[in-house]
1. Report whether or not R127 is within 12 Å of ligand 2 (Cβ to nearest atom), under 23 Å from T42 (Cβ atoms) and not assigned by TED's automatic domain parsing to the domain that holds S73.
2. Within the stretch 135-145, can one find any residue that is within 15 Å of ligand 1 (Cβ to nearest atom) and either open to solvent by less than 30 Å² (accessible area, probe 1.4 Å) or not acidic (D, E) (or both)?
3. Among the residues of the stretch 39-90 satisfying the criterion of being without any contact (Cβ under 8 Å) to a residue 40 or more places away in the chain and open to solvent by 60 Å² or more (accessible area, probe 1.4 Å), which is farthest from ligand 1 (Cβ to nearest atom)?
4. Report, by residue number, each residue of the stretch 105-129 that is without any contact (Cβ under 8 Å) to a residue 24 or more places away in the chain and open to solvent by less than 20 Å² (accessible area, probe 1.4 Å).
5. For the stretch 142-155, indicate whether the set of residues that are in contact with a Cys (Cβ under 9 Å, 6 or more places away or on another chain), part of a helix (DSSP H, G or I) and touching a residue at least 24 places away in the same chain (Cβ under 8 Å) is non-empty.
6. Go through the stretch 8-38 and report how many residues are surrounded by 14 or more Cβ atoms within 10 Å (Cβ to Cβ) and either in contact (Cβ under 8 Å) with a residue 60 or more places away in the chain or more than 16 Å from ligand 1 (Cβ to nearest atom) (or both).
7. Hey, any hits in the stretch 80-90 for a residue that's part of a loop (DSSP other than H, G, I, E, B), hydrophobic (A, V, I, L, M, F, W, C) and over 27 Å from T7 (Cβ atoms)?
8. In this structure, is H51 within 9 Å of the chain's Cα centre (by Cα) and at pLDDT 95 or above?
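The values are calculated or read from the model by the stated rules, or taken from the named source; none is laboratory data. Keep in mind it's a predicted model, so treat the numbers as computed, not measured. Because the Cβ atoms are built from the backbone with ideal geometry, glycine has one as well, and the counts that use them run over all protein chains shown. Calculation scope for accessible area: heavy atoms of the full protein, side chains included, ligands and nucleic acids excluded. Shrake-Rupley method; radii C 1.70, N 1.55, O 1.52, S 1.80 Å.
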Amino acid sequence: MTKVTMTVNGKAVSGTVEGRTLLTSFLREDLHLTGTHVGCDTSQCGACVVHVNGKAVKSCTMFAIEADGAEVSTIEGQANEDGSLNAIQAAFQEHHGLQCGFCTPGMVMTAASLLKENPKPTVDEVRNHLEGNLCRCTGYHNIIKAIMAASGQDVSAIAAE
Ligand code: FES
Ligand code: FES
């Protein structure tokens, strides 16, 4: 067992983990941050995306010990300080970018990393950036619309679906 310490959503946390403990498990089971979802555990679905040192990472592909000393952000840390939805979350709500919501935490975290790197993406750039995130409900259209809206771009020409 190994002690790990990291900053998660701005708070210092620590725990004792096995070498094989995934970051996903540490977040969900040790820290009870269950907003990070596990859809596959095989690096395909993107439901588990968090940010590690500012980069979007599928947390099922990383051991907790690899995040020792890192700054980690999860969906629980995304709301505004007053608890209201941030711009991306609000756009998902407004543009119906979710149905069951299972993929949504990963989608929001992936979108946040895209908009940080590329504040005004094209629709194609959004589509390409989401290639590692699967949604079984929405057909992606409204997710893309929500991300375009969150980037402050006019989405009136993107037809509803
Ligand atoms: S649970 Fe990590 S990619 Fe699916
Ligand atoms: S909203 Fe159900 S999986 Fe995406």
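1. no
2. Within the stretch 135-145 (the criterion being within 15 Å of ligand 1 (Cβ to nearest atom) and either open to solvent by less than 30 Å² (accessible area, probe 1.4 Å) or not acidic (D, E) (or both)), the answer is yes, since at least one residue qualifies.
3. Filtering the stretch 39-90 for residues that are without any contact (Cβ under 8 Å) to a residue 40 or more places away in the chain and open to solvent by 60 Å² or more (accessible area, probe 1.4 Å), the one farthest from ligand 1 (Cβ to nearest atom) comes out as D82.
4. If we filter the stretch 105-129 for residues that are without any contact (Cβ under 8 Å) to a residue 24 or more places away in the chain, which is where we start, we get 117-118, 122, 124-129.
Within the stretch 105-129, just V126 meets the criteria.
5. Looking through the stretch 142-155, at least one residue is in contact with a Cys (Cβ under 9 Å, 6 or more places away or on another chain), part of a helix (DSSP H, G or I) and touching a residue at least 24 places away in the same chain (Cβ under 8 Å).
6. Total meeting the criteria: 10.
7. Among the residues of the stretch 80-90, not one is part of a loop (DSSP other than H, G, I, E, B), hydrophobic (A, V, I, L, M, F, W, C) and over 27 Å from T7 (Cβ atoms), which makes the answer no.
8. yes
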